Amino acid sequence: MFLEETAIPYRIVPVNIGAGAQFEPGFLAIAPNNRMPAILDSEPTSGEGPLSLFESGAILLYLAEKSGQLLPRELHARFEVIQWLFWQMAGLGPMAGQNHHFARYAPEKLPYAIARYMNETNRLYGVLNTRLAGRAFIAGENYSIADLACYPWIVPHESQGQKLEDFPQCDAGSRRSARVRPR
Ligand SMILES: N[C@@H](CCC(=O)N[C@@H](CS)C(=O)NCC(=O)O)C(=O)O
């Protein structure tokens, strides 16, 4: 999404996680946690040869830093974005991911686990909803990597057992993120 938004040229290398391609040595060499996304920048500004990265938060920070886009320079605004980026990486992403796992994929339906992650997702949606009240974007004045990181986790709200009408600001926020740079 970042590369599309900023029109930076890129090449996608598909990794079929259904077939276990994330465990192949070539992929593990750049993503030792066997998860995607991962990137390989063949022309980092250091001039010290290709740079590989895994973890979407680190990737977003790197791309923002390199391109000078979607992350403010000014200290307060910059760390406002970074804290919400970390909030997604440590909260919304993992909790919604476990929610999905226990509600949809776990071979055993464990009521405690299902309720735990659904409630936690619900709480996090509430935090985001409160945050978005009276502001156009999650952090700072402008669209940033914080919106870019959170938006994809709100899109599948139904499969996370959440009703978007309970979170009108998230609804409006995700529609804003979806149309920031219409193509
Ligand atoms: N914290 C990681 C999470 C990455 C993640 O969970 N990726 C999933 C796909 S969305 C994956 O690669 N799963 C493969 C697997 O579980 O083996 C990030 O933000 O980059």
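Length available on full extension from LEU75 to TYR112: 0.36 nm per residue minus the Cα-Cα distance, which gives 9.1 nm. Here is the list for segment 63-155: trypsin sites (Lys or Arg not before Pro) lying in DSSP coil, each with at most 14 other C-beta atoms within 10 angstrom of its C-beta, are ARG73, LYS109, ARG135.
Considering only ALA103, LEU92, LEU63, the residue lying farthest towards the positive end of the dipole of the chain is ALA103, judged by Cα position with unit charges set on Cβ. Treating each Cα of segment 54-181 as an identical point scatterer and summing with the Debye formula, the log10 of I(q)/I(0) at q = 0.20 Å⁻¹ comes to -1.11. When the alpha carbon coordinates of segment 1-112 are projected onto the principal axes, the ranges are 49, 37, 22 Å, largest first. If you wrap segment 2-67 in the convex hull of its Cα atoms and look at it from every side, the mean projected area works out to 4.7 nm². Footprinting exposure proxy ranking of VAL155, VAL15, fewest other C-beta atoms within 10 angstrom first, gives VAL155, VAL15.
Rounded to 0.05, the FRET efficiency of the ARG11 and LYS66 pair, given R0 = 22 Å and the Cβ-Cβ distance, is 0.85.
Simple point charges give the picture: +1 on the Cβ of Lys and Arg, -1 on the Cβ of Asp and Glu, and for the chain a dipole about the Cα centre of about 400 debye.
Of the GluC sites (Glu not before Pro) found in segment 44-96, those in coil by DSSP whose Cβ has at most 15 other Cβ atoms within 10 Å are GLU48, GLU55, GLU74. Mean-square fluctuations from a GNM of the chain, with a 10 angstrom spring cutoff on Cα atoms, peak among LEU92, LEU28, LEU128 at LEU28.
Per-residue ellipticity at 222 nm from helix content only, as computed over the chain with -39500 (n - 2.57) for each DSSP H run of at least four residues, stands at -13500 deg cm²/dmol.
Computed from the coordinates by the stated procedures, all read-outs in this text should not be read as laboratory data. All figures in this text were calculated on a predicted structure; none of them were measured in a lab. Cβ coordinates were reconstructed from backbone atoms using ideal geometry, including for glycine residues, and neighbour counts include every protein chain displayed.
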